[in-house]
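Q: Quick one: this structure, given as structure tokens, is what I'll be asking you about.
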Amino acid sequence: MKTNQLIKHITSVVLIGFMLFTCMSLVGLNREDSYGAAEKTATIYVTMSVKGDIAVADGKVMAEVPVKVKTADGMTTIDAVMEAFHEEYKPDGYLCDQFVSKLWGIETSNTLFFINNLSITSGVKSEPVKNGDRIIASVNADDKYYSDYFSYFGKTAITGITGGFVTLCLQGFMGMTQNADPQVIPNAELGIVSEDGFQKLDGIVTDQDGKVIIQLDKDTFQAGKTYYLSARGTVPTTATDWNTAGNPAVNVDAPLIAPICKITVDSMVAAGVKATRITHLKSKASKGKVTLTWKKTKGYKADGYQIYRSVKKDGVYRSIGKTTAKKYTNSSSLKKGNPLLLQSERL
């Protein structure tokens, strides 16, 4: 198939229109009936840093790992999430009575936890987390001064194009500091985390502003794949010497708690497809028919739109027609009192 024909074939756009016909029985649903099941489970995303590196278990990178925890009120605790996380990936690897004494199978009290790139303000048994939150759990590297430095990229997920460039900024703060203003982190080495651990990217180091530009060369970053970027390094700072009388301040090179950024690599064709979207969707119902109209954003040219219909959002969609216009009227098999959903798909 010629390239231009292939591009046209794959660049049609998905369109879902919720029509004005509504089922009267739906109006009577209360919040508990329609949302209760979803509110009983929270999904939390966990990243596990072990002495400055992202953990790997059975070939799986422990970054942004979704963990489902049951909850009655939409909230849970770090402790509950850690229990569920370890049960699946590191059985018997977590222990917390009043304080955490084992994390990721390592017996230690030198641990830190962060929620959405902020330090926690209470213990793991009481610190609340909610659906969609991100937890970074760390087994720290500095057992003398406890100076481990929390670090994170300005973006946790990014999509790039093969051969293109992405820019990241690394920042952070002393891990034991609460509500700290983040500082940029220079001179950190970036690498890809895979089942083989951290693989350094030669010559890719953050500058004095904590920024780094990475070219997604096809030999390293293949189209259609996802990669996890992290960083290694230290931050010159001061810490408290808790083992010396008077607890003096000391100069240290604080090791980084591993940051993470997920990079999805697209080909130029795939990126063009994603950039082609439907906007300004409108529906109009009149006697015996329902009409959809829409606009298409800039992107690849679409040959047309294939329309599917269903009376349930999660039901079976059946093809009812095609159009090359940005408009479609459905006037057959309509039944009063049923919701109607239309969907356009690739030709």
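Laboratory data are not the source of any read-out in this text; all were calculated from the coordinates shown. Just so we're clear, the structure is a prediction, and the values are computed from it rather than from any experiment. Cβ: placed from backbone, ideal geometry, glycine included. Neighbour counts: every protein chain shown.
Q: Past 24 Å, Cα to Cα, is the threshold; run 301/326; 70/313; 51/155; 225/327; 60/211 against it and keep the listed order. Write down the numbers at each step before the final one.
A: Details: 301/326 12 Å; 70/313 26 Å; 51/155 22 Å; 225/327 36 Å; 60/211 28 Å.
In this structure, 70/313; 225/327; 60/211 lie more than 24 Å apart at Cα.
Q: For every other residue with a beta carbon closer than 13 angstrom to the beta carbon of residue 255, add +1 if it is Lys or Arg and -1 if Asp or Glu, then tell me the sum.
A: Counting the neighbours of residue 255, the net charge comes to -3.
Q: What do you get when you divide the Cα radius of gyration of region 159-304 by 2.2 N^0.38 Å, with N the number of residues?
A: Against the empirical 2.2 N^0.38 Å value, I get 1.62 for region 159-304.
Q: Moving on to the next point. So for the pair residue 180, residue 64, with labels modelled 7 Å out along Cα→Cβ, what separation do we get in nm?
A: Result for the modelled spin labels: 2.5 nm.
Q: Right, another one. Could you tally the net charge around residue 139, taking each other residue with its Cβ under 12 Å from the Cβ of residue 139, Lys/Arg +1 and Asp/Glu -1? Could the numbers behind the result be given before it?
A: Numbers: positive: 51, 90, 102; negative: 53, 107, 142, 143, 148.
Every neighbour counted, the sum reads -2.
Q: Counting Lys and Arg as +1 and Asp and Glu as -1, what is the net charge of the other residues whose Cβ lies under 9 Å from the Cβ of residue 56?
A: Result for the local shell: -3.
Q: While we're looking at this one, here's another question. Pairs of alpha-carbon atoms within less than 8 angstrom and 6+ residues apart define the contacts here; what relative contact order does region 191-324 have, in percent?
A: 15 percent.
Q: With θ set to phi - 60°, apply the Karplus curve 6.51 cos²θ - 1.76 cosθ + 1.60 along region 117-133 and write out the HN-Hα couplings as whole Hz, x wherever there is a Gly or Pro.
A: With the stated coefficients, region 117-133 comes to 6, 10, 5, 6, 10, 9, x, 5, 7, 10, 5, x, 9, 10, 3, x, 5 Hz.
Q: Could you work out the relative contact order of region 56-123, using alpha carbon pairs under 8 angstrom and six or more residues apart, expressed as a whole percent? Don't jump to the answer; show the numbers that get you there.
A: Numbers: 53 pairs, mean separation 11.0, N = 68.
Across region 56-123, relative contact order equals 16 percent.
Q: Could you list the square roots of 5 times each eigenvalue of the Cα gyration tensor of region 39-179, that is, the equivalent ellipsoid semi-axes, sorted largest first and rounded to whole Å?
A: Taking √(5λ) for each eigenvalue gives 23, 20, 16 Å, largest first.
Q: Can you tell me the length gained on complete extension of the stretch residue 116 to residue 293, counting 0.36 nm per residue apart and subtracting the Cα distance?
A: Going from the current span to full extension adds 59.7 nm.
Q: With only Lys, Arg, Asp and Glu charged, each at its Cβ (+1 for the first two, -1 for the last two), find how big the charge dipole of region 80-198 is about the Cα centre; round to the nearest 20 debye. If you can, show how the numbers build up before the last one.
A: Details: 7 positive and 15 negative charges, 80 e Å.
Roughly 380 debye, rounded to the nearest 20.
Q: When only Cα pairs under 8 Å and 6 or more residues apart are kept, what is the percent relative contact order across region 216-257?
A: For region 216-257, the relative contact order is 35 percent.
Q: If you average the alpha carbon positions of region 88-144 and of region 301-330, how far apart do those two centres end up, in angstrom?
A: 49 Å
Q: Next question. If R0 is 25 Å, what FRET efficiency do you get for residue 314 and residue 277 from their C-beta distance, rounded to 0.05?
A: Once rounded, the FRET efficiency stands at 0.65.
Q: May I pose another question? Could you give the dipole magnitude of region 176-253 about its Cα centre, charging the beta-carbon of Lys and Arg +1 and that of Asp and Glu -1, in debye to the nearest 20?
A: In total the dipole reaches around 140 debye.
Q: Just need log10 I(q)/I(0) for region 72-141 at q = 0.14, 0.21, 0.24 Å⁻¹, Debye formula, equal scatterers on the alpha-carbon atoms, no solvent, rounded to two decimals.
A: Values returned for q = 0.14, 0.21, 0.24 Å⁻¹ are -0.39, -0.89, -1.16.
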